[in-house]
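These notes concern the structure reproduced below.
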Amino acid sequence: MKNALIIALSFVVILMTSCNNHLEVTALTLNQTSLSLSQGATAQLNATVLPSDIPPTSMLGTVIWSSSDTTVARVVKGTVTAVSAGTAQIIAKAGSMTATCNVSVSSAISSVTLNTNASIVLVDSTLALTATLTPTPSAAVASHLTWTSTNPSVATVTANGLVKAISKGTTSIVASIGTVTAVCSISVLTSIAPSLMGSNYYLISVDDATVNSFIGTAKIAGDYRPNNSTNNLYLWNGFSAGTSLGNNFYGNAAGWLSLVVTGAGGWSGGGYNVAQGTELNKLKAVTDDTSGKYYLHLAIKSSTANSYEIGLASGSIEAKIVLGTTAMDNIAPYSNFTRDGNWQEVEIPISVFKAKGLNYTTGMAVTNVFEFLAGGTAGVKLEMDAIFIYKKP
């Protein structure tokens, strides 16, 4: 009996040895042979061992992972982690077979910049957004950039940054790669205001979204918006800062000029001052024009009955008009506007100011291209937006 048991056990050992000798790894492949990752990113490599009947948990079917340079990329059970910029090779080994994946690691993306941070789009129209990644990544890393809309019922965005306006409202388009993001605020409108369909715009106070979406650089003849350098908004006296709540005149979520009269310091005024002579020279075309199509455009809102004085200047000459029902500075009212606390559009022909002496010339000295007075009554608000000179169609 003892001899029979020994013989049986020997047969099992021989059989097992025969099976192990028969099962050999004939092929080993990876689902990816190259990876481009930004620093800190991860990727999963999957290995396929052939023949398929080798148990993956067996010693023969177990895949052993390693990296040629762990300072660049590490690997644990196929999960590759990008450590620092450089190149490394991830090696998978099973039995006598090996497979490799070349890994390229770029510096981590530090910023995402969009071609515009705010825009106004008409319903059923599109806007192409582009993102610039810093530092410049490889194409493979850049492919991880994603686009989302916080309110897709207002506007959707494709994987390539193409925005499609769906309905009136606002949304934010977010470009993300890893934890780094950039946002473009989108306002969707159903129509374009007539004041944005002209030409030869001389900008004084208008938001970037309106300029970028509807006016466009080709139609800007002069830009006098404050830049804290050559163009400045100066408040003379008697004003404190107000609060610009809600949307501006063109329906965009951007601020506007909001001031409150303190009741001290006289007439409570200010001016948009320009010191750059070459930029001022561009205004000559406005008063030289004889078509009668140039207008000063502004939006204003008020709930009080007081008058406001506004003016254009050419050097030392100040041409002023009064909006309201009572005179200011011995200037009779030119016109009034509805005082219901909502935005009201005011357009005044440049010919009115020319009749008061306005005459733009080349070589003009520092001047206030637009100035205003709100009187001395404490608590009166001055809220204005969309201030520019333009030529009607």
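The values are calculated or read from the model by the stated rules, or taken from the named source; none is laboratory data. The model shown is predicted, which means the values in this text are computed figures rather than measured ones. Here the Cβ positions follow ideal geometry from the backbone for every residue, glycine too, while neighbour counts run over all protein chains shown. SASA here: full protein model, heavy atoms, side chains in, ligands and nucleic acids out. Shrake-Rupley method; radii C 1.70, N 1.55, O 1.52, S 1.80 Å.
Out of the total accessible area of segment 61-132 (probe 1.4 Å, heavy atoms of protein only), what percent is carbon and sulfur?
52
Could you tell me the accessible area of W267 in Å² (1.4 Å probe, neighbours in place), rounded to the nearest ten?
About 130 Å², ignoring ligands and nucleic acids.
What is the local net charge at A327, summed over the other residues whose Cβ is closer than 13 Å to its Cβ (Lys, Arg +1; Asp, Glu -1)?
-1
Taking only C-alpha pairs under 8 Å that are 6+ residues apart, what is the relative contact order of the chain in percent?
So the answer I get is 13 percent.
Could you tally the net charge around S351, taking each other residue with its Cβ under 14 Å from the Cβ of S351, Lys/Arg +1 and Asp/Glu -1?
That sum, taken over residues with Cβ under 14 Å, equals +2.
Using a probe radius of 1.4 Å on heavy atoms only, what accessible surface per residue do you get for segment 189-347? Whole Å² is fine.
On a per-residue basis, segment 189-347 sits at 43 Å².
Any chance you could look up the accessible area of M364 with a 1.4 Å probe, heavy atoms only, rounded to 10 Å²?
Only protein atoms counted, so the area is about 20 Å².
Could you state, as a whole-number percent, how many of the C-alpha pairs of segment 92-222 are farther apart than 17 Å?
The share of Cα pairs beyond 17 Å in segment 92-222 comes to 64 percent.
Please give the calculated 222 nm ellipticity per residue for the chain, where each DSSP H segment of at least 4 residues contributes -39500 (n - 2.57) and the sum is spread over every residue; nearest 500 deg cm²/dmol?
-2500 deg cm²/dmol
How large is the charge dipole for segment 111-265, taken about the Cα centre, if only the Cβ atoms of Lys, Arg (+1) and Asp, Glu (-1) carry charge, to the nearest 20 debye?
In debye, rounded to 20, segment 111-265 gives about 80.
Average the reciprocal distances over every distinct pair of alpha-carbons in segment 297-393, invert the result, and give the Kirkwood radius in Å.
Taking every pair of different Cα atoms in segment 297-393, averaging 1/r and inverting gives 14.2 Å.
Mind checking which of L257, S314, G246 is farthest towards the positive end of segment 241-393's charge dipole, using Cβ charges of +1 (Lys, Arg) and -1 (Asp, Glu) about the Cα centre?
About the Cα centre, the residue reaching furthest to the positive side is S314.
For the chain, just the Cα atoms, rotate onto the principal axes and tell me the three extents in Å, largest first.
Sorted largest first, the three principal extents are 132, 42, 41 Å.
Cβ under 11 Å from W256's Cβ, W256 left aside: what net charge do those residues give with Lys, Arg +1 and Asp, Glu -1?
-2
For segment 51-127, just list the percent of Cα-Cα distances falling in each 5 Å bin from zero outward, please.
Going from the shortest bin to the longest, the percentages are 3, 13, 17, 12, 10, 9, 7, 7, 6, 6, 5, 4, 1.
Between I64 and T148, what is the FRET efficiency for a Förster distance of 51 Å, r being their Cβ-Cβ separation, to the nearest 0.05?
Here the calculated transfer efficiency is 0.80.
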